[in-house]
Amino acid sequence: MRVTWIELVNFLVVLILSTAFHEAAHAWLADRFGDDTPRRHGRLTLNPFPHLDPVMSVLVPGFLYAVSGGFVAAAWTPVNPWAMRDPRWHPVWTALGGPAANLVLGVAAMLALGVALAFGFAEAERIALLFVRVNVFLGVFNLIPVPPLDGANFVHAILPARWQPGFWELRRYGFIMLLALWYSGALDRTVFPLMDAAGREAVRASHAIGRMLGG
């Protein structure tokens, strides 16, 4: 897949904004549950820059997108589960807030795509579709139950207490596991097909919205 410079720039802008929304949702929920760690680190904001890791949030996904059209991205919001009112389940809801935020952005992008189709805004149509695809990926990918991804928090919560420390120690190998998911082709068989299917369904729904708005 050949990616032009404008396509790469569009992708990085969409990814950065979507990642910031995802991480801000984590920060807001942690704060609501009694953990002020994100607040003290300046993460209660939609400004993308405090949320991004320059390498894993920008350079690595940009390189992978440029050479193959696929990507893996990562960013982290500092939280302290033991500062939350319910140290077992509040971290789970905090973690799931990120993928939920991506779902909200994906639906909003689908509606925007319908408006773009109705009024013939070609460039807006491409950007809206990219928002759908990126946010489906971020939402689904982060639900994979492997540390440090968000889905691991649910596994941690249901494990017996004596197994939890060992499971969480896997976080130190997070980067290696992310690369393994990429190079093993596991994402090509799971997350990317779902992202493509969601994109197709979003286009169908958006065309229906466009026809309704366009009369």
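Values quoted throughout were computed directly from the atomic coordinates according to the rules given, and no laboratory measurement underlies them. Owing to the predicted nature of the structure, the values given are computational and were not obtained by experimental measurement. In this analysis, Cβ positions are derived from the backbone assuming ideal geometry, glycine residues included, and neighbour counts consider all displayed protein chains.
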| Based on the Cβ-Cβ distance from L17 to F121, what FRET efficiency comes out when R0 is 22 Å, to the nearest 0.05? | 0.75
| field | Backbone HN-Hα couplings from phi across the stretch 66-71 [Karplus 6.51/-1.76/1.60, Hz, Gly and Pro as x] | value | 5, 8, 9, x, x, 6
| said: I need the phi-derived Karplus couplings for the stretch 135-150: 6.51 cos²θ - 1.76 cosθ + 1.60, θ = phi - 60°, integer Hz, Gly and Pro marked x. | reply: 6, 5, 4, 4, x, 6, 4, 6, 8, 4, x, 10, x, x, 6, 4
| note | Expected vector for the stretch 171-176, Karplus 3J(HN,Hα) from phi with 6.51, -1.76, 1.60 and θ = phi - 60°, integer Hz, x for Gly and Pro, equals 4, 5, 9, x, 4, 5
| request: For the stretch 98-119 and the stretch 168-191, write down the distance between their C-alpha centroids in whole Å. | output: 28
| trypsin sites (Lys or Arg not before Pro) within the stretch 124-215, DSSP loop, no more than 10 other Cβ atoms inside 10 Å | R162
| Relative to a virtual label point 7 Å from the Cα of E7 in the Cα→beta-carbon direction, which members of the stretch 126-145 show backbone nitrogen distances below 17 Å? | 126-134
| Taking only Cα atoms, what is the 0 to 90° angle, nearest 10, from helix 5-32's long axis to the longest principal axis of the chain? | 40
